[in-house]
Amino acid sequence: MWVGVEYGSCVPLQDLTSRDAVLQAIAEFRELGRTDFLRKYGYGRARNYFLVHEEQRFDSKAIVGAAYRFEHPDRGHLTPNDFSGGEATVQKKLEDLGFFVEVNAGARRAAPTTRSTALPELQKGRTYTWDELGVAFDVQPAWFGTVGGMGPRPRMKALILITHPDGAKSINYGDRWDGDDLIYTGRGKKGDQVFQGANRQLAENRHTNYVFEYVGIRQHRFIGMAQCTSHDWGIAPDSEGKDRRVLYFRLKFNEQDAQSPEKEDSGAAPRRRMPRPNRMPRPFDPTRVPAEFIASEEYEHPADTLARHEKATQAHHALLSKLHHALTMAAWTDIQEIPGALDLWARSPHDGHRVIFEAKTFAEGNDAYPARAAFSQLVEYRHFDGAADDRLCMVTNATVSEEREGFLRVQGVAVLTFAGNEVRLSGPLAREWFAGLAVTPSE
């Protein structure tokens, strides 16, 4: 038998301060199902106020009552008679903890709000304390310590984004600057991120996006208001160090809100440029089976879909395994990969040069797109992950035309082709760099 706390009708909801407790209640709701969850805690079905989390609706008052028990197991859960529901209690509490509450239009008319819905006016480049921001966004100051990097304020139609130049304490999301655009990583510390909730709100610019930079304990500097102009999927470690899918948002600031160093006020702290995510190389393992490709449910550019699909296909992995074997047999060293990015690099036993390899699988006679993609990727990997003197090589499973090989050679990119298990050196650049590697030189 479950017993609620004996505080009467004026139970102070300020004792519920844990976002994790709400998430535990949500998890139990999903496990038991709505009917059994409400029966367990003695609640009726909600009519006007619903907690929305990961595109699923939950009875808000019941969730709050159950969450109280998870935070205070010695007190038990709150019964329906222990506190009142609605805008001023349950909705405010859940929003203060970083959740979104959906309210039926009828409830809005029946209980008009007196809380401010006006967007705050903030000074670009100024550092604000949590107390100041709490007043500006109508939340308790501690809210900023519970919402992570994304904090929705749906009543104000605002989304608060907090970026950490050196990574958060528990996980480095890898936010970085690309010129005046901020590449901002999506919400979710563990497992694949999902295109839901705050992530979707940001991608679709549903609200006004306020961007802050963490500068110290309980302090954030206001960078400006931004628009998301695009979003892409990538691979990065989660809080447990496991590779997972993450969302990268490109945020573009209004010209008057741009915070490039030359535009900042002299009294404002200079913006620190954020490093590219720390992508560590590891030895290539031919026995490591690539993760199954999962198609994205939301729209993405066909080229992005093709690139992600390619990384996960057995054909792509088999091509890299053949390359790994050929390099090993020819005494090449330091054969490594960078998961989710660079296919392989290795060091020549002849002159010590390192070569970056990008593998492309395609049908014979269809080399235009793969060659373009390989060239751009190789140049990018050398710039961000390699060194200026690294050599570049495209590895294929099908013949590249002489015209295409000549173009790549002029750009400093060699071409290796595998015909079965044989290596073909396409062109003079490949024959120069990979002497002793080929079994069948290409004419």
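General remarks:
- Among the residues making up region 371-389, those that are buried (at least 16 other Cβ atoms within 10 Å of the Cβ) and of a type in the set (F, W, Y) are F375, Y381.
- Cβ-Cβ under 6 Å pairs, at least 6 apart or on other chains, region 412-424 side open to solvent by 50 Å² or more (accessible area, probe 1.4 Å), far side of a type in the set (G, A, S): R424/S442
- Within region 53-75, the residues that satisfy the criterion of being in contact with a Phe, Trp or Tyr (Cβ under 6 Å, 6 or more places away or on another chain) and either in contact (Cβ under 8 Å) with a residue 60 or more places away in the chain or among the polar types (S, T, N, Q) (or both) are S60, G65.
- Count of region 90-105 residues which are open to solvent by less than 40 Å² (accessible area, probe 1.4 Å) and either more than 20 Å from Y210 (Cα to Cα) or modelled with pLDDT of 80 or more (or both): 9
- Meets criteria (of a type in the set (D, E), at pLDDT below 90 and open to solvent by 50 Å² or more (accessible area, probe 1.4 Å)) for E403: no
- Residue in region 1-18 that is at pLDDT below 85 and among the hydroxyl-bearing types (S, T, Y) present: yes
- Members of region 410-440 that are outside any loop (DSSP other than H, G, I, E, B) and under 36 Å from the mean Cα position of the chain (by Cα): V413, A414, V415, L416, T417, F418
- Among residues of region 383-409 that are on the phi < 0 side of the Ramachandran plot and among the basic types (K, R), those with a Cβ under 7 angstrom from a residue that is modelled with pLDDT of 90 or more and part of a loop (DSSP other than H, G, I, E, B), sequence gap 6+ or separate chain, pair up as R391/H353.
- Residue match in region 365-384 (condition: under 19 Å from G436 (Cα atoms) and either at pLDDT 95 or above or of a type in the set (K, R) (or both)): no
- Filtered residues of region 180-205 (kept if more than 14 Å from S230 (Cα to Cα), open to solvent by 20 Å² or more (accessible area, probe 1.4 Å) and either modelled with pLDDT of 85 or more or assigned to a loop (DSSP other than H, G, I, E, B) (or both)): D180, R187, G188, K189, K190, G191, D192, V194, Q196
- All conditions in (1) open to solvent by less than 20 Å² (accessible area, probe 1.4 Å); (2) outside any loop (DSSP other than H, G, I, E, B) hold for R155, with the sole exception of (1).
- Members of region 229-251 found to be under 14 Å from R200 (Cα atoms) and open to solvent by 10 Å² or more (accessible area, probe 1.4 Å), listed by number: T229, S230, H231, D232, W233, Y248, R250
- Filter pass, E364 being of a type in the set (D, E) and open to solvent by 60 Å² or more (accessible area, probe 1.4 Å): yes
- For V400, the test of being in a loop (DSSP other than H, G, I, E, B), in contact with a strand residue (DSSP E or B) (Cβ under 9 Å, 6 or more places away or on another chain) and within 25 Å of A315 (Cα to Cα) is passed.
- Hey, A359 at pLDDT 90 or above, open to solvent by less than 60 Å² (accessible area, probe 1.4 Å), part of a strand (DSSP E or B) and of a type in the set (A, V, I, L, M) or not: yes
- Among the residues examined, R30 does not qualify as open to solvent by less than 70 Å² (accessible area, probe 1.4 Å), closer than 26 Å to V194 by Cβ, within 27 Å of the chain's Cα centre (by Cα) and of a type outside the set (S, T, N, Q).
- One residue stands out in region 206-228 among those that are surrounded by fewer than 16 Cβ atoms within 10 Å (Cβ to Cβ) and within 14 Å of F249 (Cβ to Cβ): the one that is nearest to the chain's Cα centre (by Cα), namely Q227.
The values are calculated or read from the model by the stated rules, or taken from the named source; none is laboratory data. Quick caveat: nothing in here was measured; it's all calculated off a predicted structure. Cβ sites come from the backbone with ideal geometry, for glycine too, and all protein chains shown count toward neighbours. Each accessible area value is taken on the protein alone, full model and side chains, heavy atoms only, with ligands, DNA and RNA left out. Shrake-Rupley method; radii C 1.70, N 1.55, O 1.52, S 1.80 Å.
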